[in-house]
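The values are calculated or read from the model by the stated rules, or taken from the named source; none is laboratory data. Predicted, not measured: the structure shown is a model, and the values here were computed from it. Cβ: placed from backbone, ideal geometry, glycine included. Neighbour counts: every protein chain shown.
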C-alpha cells in the first residue's frame, strides 16, 4: 500500500492535473480532497483535452476509482455538466464516487458570492466557494448524505433557508422558497444517489486491502486559508496534511508528498506577487490562448499574472508540506530565452529576510535575482532529465539547492507522457 498526496507548490495552475493523470496509472483510488469548481485541472491524454473542476484527474484510468472527498464543496449542477462532458469522450464514469460528507454548494451560495464581490471583494471566481465554506462553519449546510434521508431533510432545508434568506434579503435580493430547494434536492438525489458513499469506511477498506491511494489537491499552499497570502486566498486548506484531516485517516500513514511547481511563476487574482514582471521575455511565455498550455485560467479564462521562478515561495511551501519529490512543469516554455532569472531571496527595507514575510510585507519586498544563461534548445522531445541541455540541468539543480527539494519530474509539454524523468 502507498498513500501519496500531490499539492501545488506555488500560487496554483502549476500542472497538477497533468501529474495526477500521469500518476493515476499506478493508483487504485484518487481522492480530490478540498476545494470546489473555482479552479481547473487541465488534462491532455489520448482521450482528449479536459479542464476538470470537480472530477478527480484520475477518472481516465479504467481501473482507478475517483472519489470527490469530504473536504470539497460541490455544486451538483456544475458536476452534472462536467460528467456529461467527460462521458462524451467515451470515458467510463462508473468509478466516480462522492463522499456523503462532502458539502453541497447551493445556488444561493453562488448568488451571495456575486453580491459580496459587487460590494468590493478580492476577485473571487464568483462560484460560491467561499460562501459554501462559511456556511459549513456556521453549521448551515447540506451534505450529500442528507439527500438520502428524507425524514430529516425537510427540517435541515428549513433551517438553512432561514439563514440564507436573511442574508439574501439584506443584500436586497429575492429569498429562495422551500419548494424550490426541495425540488433541487430531489433532482440531485435522483442523479447522485447511487454515487454517494460513506467515506471513512470506503477509504479505510482501500487502505486495509493494501491499495495505492493518490490524493489530489486544488490550488496551492500560497492560497491556503491559514498559511497563504490572506486575505487573497481560497477558502480551504490545499496543503498535504489536510488530505488526512479531511479524509479521516492518520497523517503518519502518508508515504509520499509530491509538490508541483512551474519553471516560472504565475498567479490569478489580487494580492502580492513579488516576481511579477512585464519583462518582454517572461511575457512571451503567455502565448495567445490558442494552445492548451498558454497562460490563461482553466476556470475563468483570465490572463494570468506572470513572473520569474520564486525560490522563497517554494522553499516556504516545502516547509509547510514536506515535499519528498518536486515536479517542475513547463520548462519547455523557457526554451527560447537567452537569459533566465531566479528570485533567490527578498529584501525588506534594505535587509535580506531570513523568513517568509506576511502579506503586507510581501507587498513591499524587493526580489533578489540570480541571472542564469538559457539553453536555447527544444526540450519537448526529451524523456530523461539527464538528457536535458546542460544549462537546463543547471537551472534545475539551482532550484533544488535553493528550495531544499528533489526534482524527480520535469514537464516538457502539456501531454501525459511529455515528461522527463
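Here are the numbers for the structure shown:
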| read-out | value |
| --- | --- |
| Number of the condition not met by residue 247 [criteria: (1) farther than 18 Å from residue 19 by Cβ; (2) touching a residue at least 60 places away in the same chain (Cβ under 8 Å); (3) surrounded by fewer than 22 Cβ atoms within 10 Å (Cβ to Cβ)] | (3) |
| Conditions (1) under 22 Å from residue 237 (Cβ atoms); (2) free of Cβ contacts under 8 Å to residues at least 40 places away in the same chain; (3) surrounded by 15 or more Cβ atoms within 10 Å (Cβ to Cβ): number failed by residue 310 | (2) |
| Options 369, 346; residue that is buried (at least 18 other Cβ atoms within 10 Å of the Cβ) and modelled with pLDDT of 95 or more | 346 |
| Residue that is outside the structural domain of residue 41 (by TED's automatic domain parsing) and within 15 Å of residue 220 (Cβ to Cβ), where the choices are 334, 348, 326 | 326 |
| So residue 179, is it in the same structural domain as residue 11 (by TED's automatic domain parsing) and surrounded by fewer than 17 Cβ atoms within 10 Å (Cβ to Cβ) | no |
| Yes/no for residue 171 being farther than 30 Å from residue 327 by Cα and at pLDDT below 95 | yes |
| Test: residue 126 is closer than 30 Å to residue 48 by Cβ, under 21 Å from the mean Cα position of the chain (by Cα), surrounded by fewer than 22 Cβ atoms within 10 Å (Cβ to Cβ) and not assigned by TED's automatic domain parsing to the domain that holds residue 248 | yes |
| Residue list for region 160-193, filter: in a helix (DSSP H, G or I), in contact (Cβ under 8 Å) with a residue 60 or more places away in the chain and more than 28 Å from residue 68 (Cα to Cα) | 168 |
| Filter result for the condition that a residue is at pLDDT 95 or above, within 18 Å of the chain's Cα centre (by Cα) and under 30 Å from residue 182 (Cβ atoms), over 79, 23 | 79 |
| In region 257-284, the residues that are more than 18 Å from the chain's Cα centre (by Cα), over 14 Å from residue 343 (Cβ atoms) and surrounded by 16 or more Cβ atoms within 10 Å (Cβ to Cβ) | 281 |
| Spans of strands (runs of 3 or more DSSP E) in region 194-313 with at least 3 residues in contact with a helix residue (DSSP H, G or I) (Cβ under 7 Å, 6 or more places away or on another chain) | 212-220, 256-262 |
| Single residue of 377, 339, 351 found to be touching a strand residue (DSSP E or B) at 6+ places or on another chain (Cβ under 6 Å), over 16 Å from residue 315 (Cβ atoms) and surrounded by fewer than 17 Cβ atoms within 10 Å (Cβ to Cβ) | 339 |
| Given (1) over 23 Å from residue 59 (Cα atoms); (2) touching a helix residue (DSSP H, G or I) at 6+ places or on another chain (Cβ under 7 Å), number of the condition residue 189 does not satisfy | (1) |
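Here is a yes/no grid of residues against (1) closer than 22 Å to residue 224 by Cα; (2) not in a strand (DSSP E or B):
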| position | (1), (2) |
| --- | --- |
| 317 | yes, yes |
| 328 | yes, no |
| 332 | no, yes |
| 336 | no, yes |
| 360 | yes, yes |
| 386 | no, yes |
